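Novice: Sharing a structure below in structure tokens format, with a few things to ask.
Bear in mind that the values in this text are calculations on the coordinates, not laboratory data. Bear in mind the structure is a predicted one, so any value in this text is a computation, not a measurement. Here Cβ is always computed from backbone atoms with ideal geometry, including for glycine, and neighbour counts include all displayed protein chains.
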Amino acid sequence: MSNTSLLQVRTSAEDKEKASEILERLGTNLSAVVNMMIKQIILTEGIPFEVKINHPIYTKTEAINEVEATMAFEGMKLTEEEIQILYAYKSGAVSGDELRKQIIGEVR
């Protein structure tokens with residue numbers, strides 16, 4: 001490999017390990033993928049994937065109102081406690097996994 005240059009990139013050890021494992025299953029490695037990305041930057045004269053800030057389509061209240069309306073359409077009414085749980089979820093105060101565990105615990 002004549003005329004090559006060394007590129008160093010800082011990332012977390014965990015991210016590097018996870019990415020390396022995935023790429024190994026795909027039959028490639030980090031170095032090859034970085035080189036592919038560099039070639040795509042040159043070819044497209046830009047970043048070869050979409051980079052943007054994702055703004056939610058709905059506000060928290062609009063999203064919860066939509067859930068509430070859908071449930072009402074099916075003849076079900078959300079309780080105040082369920083609405084508060086939805087707000088907690090939409091705010092990131094509780095994860096989907098945590099809610100699933102809570103729901104499963106209540107069913108048992």
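Novice: Could you list, in sequence order, the residues of the range 67-92 that are over 22 Å from the mean Cα position of the chain (by Cα) and either more than 19 Å from I103 (Cβ to Cβ) or in a helix (DSSP H, G or I) (or both)?
Specialist: E68, A69, T70, M71, A72, F73, G75, E80, E81, E82, I83, Q84
Novice: Mind listing whichever residues of the range 12-43 are surrounded by 10 or more Cβ atoms within 10 Å (Cβ to Cβ) and among the hydroxyl-bearing types (S, T, Y)?
Specialist: Within the range 12-43, S20, T28, S31 qualify.
Novice: Would you pick out the residues in the range 38-77 that are under 30 Å from S5 (Cβ atoms) and touching a Phe, Trp or Tyr at 6+ places or on another chain (Cβ under 9 Å)?
Specialist: Q40
Novice: Further question on the same structure: Name every residue in the range 22-37 that is assigned to a helix (DSSP H, G or I) and without any contact (Cβ under 8 Å) to a residue 24 or more places away in the chain, in order of residue number.
Specialist: Across the range 22-37, the qualifying residues are I22, L23, E24, R25, L30, S31, A32, V33, N35, M36, M37.
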